[in-house]
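The values are calculated or read from the model by the stated rules, or taken from the named source; none is laboratory data. Everything quoted here is computed from the prediction, not taken from an experiment. So basically every Cβ, Gly included, is an ideal-geometry build from the backbone, and we count neighbours across all protein chains shown.
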Amino acid sequence: MKHALVPALLAATLAGCASDPVQLESDKTYRVEWIGERPLIDRSHLTITLGEDGRAYGSAGCNHWFASYQRDGEKLTFAQAGATRKLCAPALMEQEQRFLEALDQVQRWDVSGIGQLRLWPAAGKPIRLWPEEG
């Protein structure tokens with residue numbers, strides 16, 4: 001009896017997980033891990049939050065950024081982003097510029113097989129993100 005119960009519970013648990021697809025959530029902060037083909041500079045912190053009101057914002061590594069966005073199913077586009085004007089180390093400023101330019105190119109989103117959020121441009125590699133904990 002015990003041996004039959006364990007596989008049944010495991011199957012029920014896995015079926016429950018399979019029925020809950022990962023979705024892009026509003027008012028949830030996502031932490032950027034890669035911009036296109038390049039990972040972030042160690043200890044830099046870039047984020048994206050999509051507000052319910054159609055405004056996106058976050059940290060670009062050095063400055064705070066903001067832009068309006070539109071989402072329709074898997075389609076996702078950002079208006080040109082604005083940012084505060086703090087100056088940081090040249091490498092961080094270059095990364096920040098790449099990030100803001102990549103946001104401007106986003107056309108759609110999806111979730112990878114490992115649950116990572118990906119924001120895709122028309123051509124090239126995506127911005128890859130994880131939900132921020134806490």
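Assorted remarks:
- Filtering segment 38-65 to residues that are among the charged types (D, E, K, R), in a loop (DSSP other than H, G, I, E, B) and modelled with pLDDT of 95 or more leaves 52, 53.
- Single residue of segment 50-90 satisfying the filter (within 21 Å of residue 132 (Cα to Cα) and free of Cβ contacts under 8 Å to residues at least 12 places away in the same chain) that is surrounded by the most Cβ atoms within 10 Å (Cβ to Cβ): 57
- Summed over segment 21-43, the residues that are surrounded by fewer than 12 Cβ atoms within 10 Å (Cβ to Cβ) and either within 21 Å of residue 75 (Cβ to Cβ) or within 10 Å of the chain's Cα centre (by Cα) (or both) give a count of 3.
- Flag if residue 119 is in a strand (DSSP E or B), closer than 18 Å to residue 40 by Cα, touching a residue at least 40 places away in the same chain (Cβ under 8 Å) and touching a Pro at 6+ places or on another chain (Cβ under 6 Å): yes
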